[in-house]
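The values are calculated or read from the model by the stated rules, or taken from the named source; none is laboratory data. Computed from a predicted model, the values in this text were never measured in an experiment. So basically every Cβ, Gly included, is an ideal-geometry build from the backbone, and we count neighbours across all protein chains shown.
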Amino acid sequence: MQIIADLQLHSKYSRAVSQNMIIPKMYEWNLKKGIGLLATGDWTHPMWIRELKAHLEELGNGLLKLKKEIKEQLIKTSENSVGTLKQVHSDGVRDPLFLLSGEVSCIYSHNGKVRRNHILLFAPSFAVVDKINAELTKRGCNLSSDGRPILGLSSQQICEVVWSVSEEVLVIPAHCWTPWFSLFGSMSGYDSLTECFGEYANRIYTVETGLSSDPAMNWRIKELDQRTIISCSDSHSGPKLMREATIFATPENEFSFASISTALKNYERDKTKPYIGATLEFYPEEGKYHFDGHRNCNVRLPPLETKLKGTICPVCGKPMTIGVLHRVEDLAGRSEADLKLYKKKLGDFPLSAIYSQTFPRRAPYIMMVPLQEIIAEVFEVQSFSKKVQEQYDSLVAVFSGEFNVLFKTETAEIARRSSERIAEGIARVRRGDISINPGYDGVFGTVKIWPDEIDVKQAEDQKEQLSLL
Ligand SMILES: [Zn+2]
Ligand SMILES: [Zn+2]
């Protein structure tokens with residue numbers, strides 16, 4: 001059985017997060033998206049953990065489900081989404097489950113440098129969460145400051161604390177390439193996982209790639225050869241869930257915290273055990289740190305340029321933010337050509353995934369553009385507009401979730417239920433026939449499905465950029 005999991009997001013208790021990131025709304029979005037397992041986020045926050053306990057019930061296998069009375073209430077009150085979708089989903093799709101997750105921001109100095117590392121923590125029960133929170137509080141950590149608290153503990157101290165409570169807790173470096181707050185970040189990270197985690201490094205089985213890198217970029221890092229790679233949305237609002245995700249494959253009725261843990265350790269993809277089937281990927285160029293650049297001066301440069309001309313902003317003379325692609329080039333032990341990437345049809349999906357001939361056991365990945373963005377480009381409006389949401393809601397109700405619309409349904413079917421243009425947009429995304437302006441220094445990249453229709457302003461921006469070089 002396949003489970004689509006989104007294991008990184010934040011609740012309304014984290015900075016810059018939608019007030020709708022609460023369990024009932026998240027449950028609703030699970031149904032719309034087709035997510036089978038969603039991280040709760042933020043279990044270090046005292047108010048959020050109280051809400052989690054009020055809404056979720058432990059299954060006894062390390063996962064949680066929405067309490068019956070909450071679900072009934074939800075079905076009664078929201079006619080459109082949960083009511084309709086619940087009916088659609090009752091024919092076979094299981095109830096979306098939850099996994100207790102938190103993210104901490106460790107800021108400390110180590111080997112003579114200030115380090116800022118974001119780390120994901122997954123726990124198998126409320127009891128374990130409560131104990132870890134008590135231990136962190138004992139060490140002076142202020143857990144109510146934010147859903148993703150800043151801790152003065154090192155990456156290794158976090159491992160010590162959580163594993164002293166339970167050996168089962170999963171520790172995963174978050175968005176491991178972002179410049180300012182990650183394991184390999186160019187501005188305050190490390191050159192190796194071993195330097196960061198020391199004696200605990202061999203118990204870090206997995207890294208999260210973040211939006212600005214794709215699996216192939218990570219496959220170039222030799223230290224990651226024996227580690228699995230997951231992709232998650234790091235969403236701050238419902239619509240952004242599943243913009244990246246991980247598909248787990250486990251035997252029927254064996255879905256539990258333990259099977260997720262096994263899949264994450266199973267970097268060889270031994271299919272007699274739970275394993276990672278594939279990951280769903282945002283185009284890394286769309287991530288906000290893909291290229292190098294300086295946001296204030298509108299300067300965006302590919303690493304090839306900055307490697308030749310230096311990393312000082314050509315406009316203001318300040319240092320530029322070194323993006324993810326540049327950083328991967330610096331740490332890579334092999335080239336992209338060495339991976340021998342190729343495309344092949346994935347299972348019964350009407351699309352291809354990307355595989356490596358050199359590393360055939362690596363989980364393949366599928367490039368995607370979220371459905372709201374595709375519809376928004378068709379209608380030429382913003383993706384959060386009402387018009388987009390209505391078309392989105394109707395499509396996901398008909399086909400039982402966004403996952404099915406994007407990855408499973410024949411485009412002729414989609415055209416029948418929406419429009420030729422939307423179906424063509426989805427077909428182009430599946431073929432990878434799109435154009436992207438890469439993101440840099442905190443500015444998201446932009447995707448165009450019909451690049452010949454790139455608006456005049458963007459073309460002018462590009463001209464301006466080129467004249468700077
Ligand atoms: Zn983070
Ligand atoms: Zn500048």
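So the values come out like this:
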read-out: Residue count for region 305-341, restricted to those that are loosely packed, with under 12 Cβ neighbours inside 10 Å and either acidic (Asp, Glu) or over 23 Å from SER186 (Cβ atoms) (or both); value: 1
read-out: Candidates THR228, THR194, filtered to the one that is surrounded by fewer than 18 Cβ atoms within 10 Å (Cβ to Cβ) and at pLDDT 95 or above; value: THR194
read-out: Subset of region 233-280 (residues that are closer than 28 Å to ILE22 by Cβ and touching a helix residue (DSSP H, G or I) at 6+ places or on another chain (Cβ under 7 Å)); value: SER233, GLY238, PRO239, LEU241, MET242, PHE248, THR279
read-out: Qualifying residue in region 323-334 (condition: touching a Gly at 6+ places or on another chain (Cβ under 8 Å), within 16 Å of ligand 2 (Cβ to nearest atom) and in contact (Cβ under 8 Å) with a residue 12 or more places away in the chain); value: yes
read-out: Matching residues in region 126-145 - criterion: being under 28 Å from LEU97 (Cβ atoms) and crowded, with 18+ Cβ neighbours inside 10 Å; value: VAL128, VAL129, ILE132, ASN133, LEU136, LEU143
read-out: Conditions (1) free of Cβ contacts under 8 Å to residues at least 60 places away in the same chain; (2) in the same structural domain as TYR205 (by TED's automatic domain parsing); number of the one not met by PHE349; value: (2)
read-out: All positions within region 5-58 that are within 17 Å of the chain's Cα centre (by Cα) and β-branched (Val, Ile, Thr); value: VAL17, ILE35, THR40
read-out: Hits in region 127-156 (condition: without any contact (Cβ under 8 Å) to a residue 12 or more places away in the chain and either farther than 23 Å from GLU58 by Cα or in contact with a Cys (Cβ under 7 Å, 6 or more places away or on another chain) (or both)); value: THR137, LYS138, ASN142, SER145
read-out: Residue identified as within 13 Å of ligand 1 (Cβ to nearest atom) and surrounded by 22 or more Cβ atoms within 10 Å (Cβ to Cβ) among SER105, SER101, SER155; value: SER101
read-out: Tally of residues being within 13 Å of ligand 1 (Cβ to nearest atom) and of a type in the set (Val, Ile, Thr) across region 158-195; value: 2
read-out: Region 238-256, residues that are over 20 Å from PRO284 (Cα atoms) and either crowded, with 21+ Cβ neighbours inside 10 Å or within 16 Å of ligand 1 (Cβ to nearest atom) (or both); value: PHE248, PHE255
read-out: Meets criteria (crowded, with 24+ Cβ neighbours inside 10 Å, of a type in the set (Ser, Thr, Tyr) and outside the structural domain of GLU329 (by TED's automatic domain parsing)) for SER182; value: yes
read-out: Among (1) closer than 18 Å to GLY439 by Cβ; (2) touching a Leu at 6+ places or on another chain (Cβ under 8 Å) - the single one PRO314 does not satisfy; value: (1)
read-out: Those residues of region 262-285 which are in contact (Cβ under 8 Å) with a residue 60 or more places away in the chain, of a type outside the set (A, V, I, L, M) and over 21 Å from VAL324 (Cβ atoms), in sequence order; value: LYS265, TYR267, GLU268, ARG269, TYR275, GLY277
read-out: Those helices (runs of 4 or more DSSP H) lying entirely in region 392-452 with at least 2 residues among the basic types (Lys, Arg); value: 411-417, 420-431
read-out: Counted residues, region 39-64 - those being touching a Leu at 6+ places or on another chain (Cβ under 7 Å) and either among the small types (Gly, Ala, Ser) or modelled with pLDDT under 95 (or both); value: 2
read-out: Options ARG269, ARG300, ARG243; residue that is under 24 Å from SER335 (Cα atoms) and either away from ligand 2 (no atom under 16 Å from the Cβ) or assigned to a loop (DSSP other than H, G, I, E, B) (or both); value: ARG269
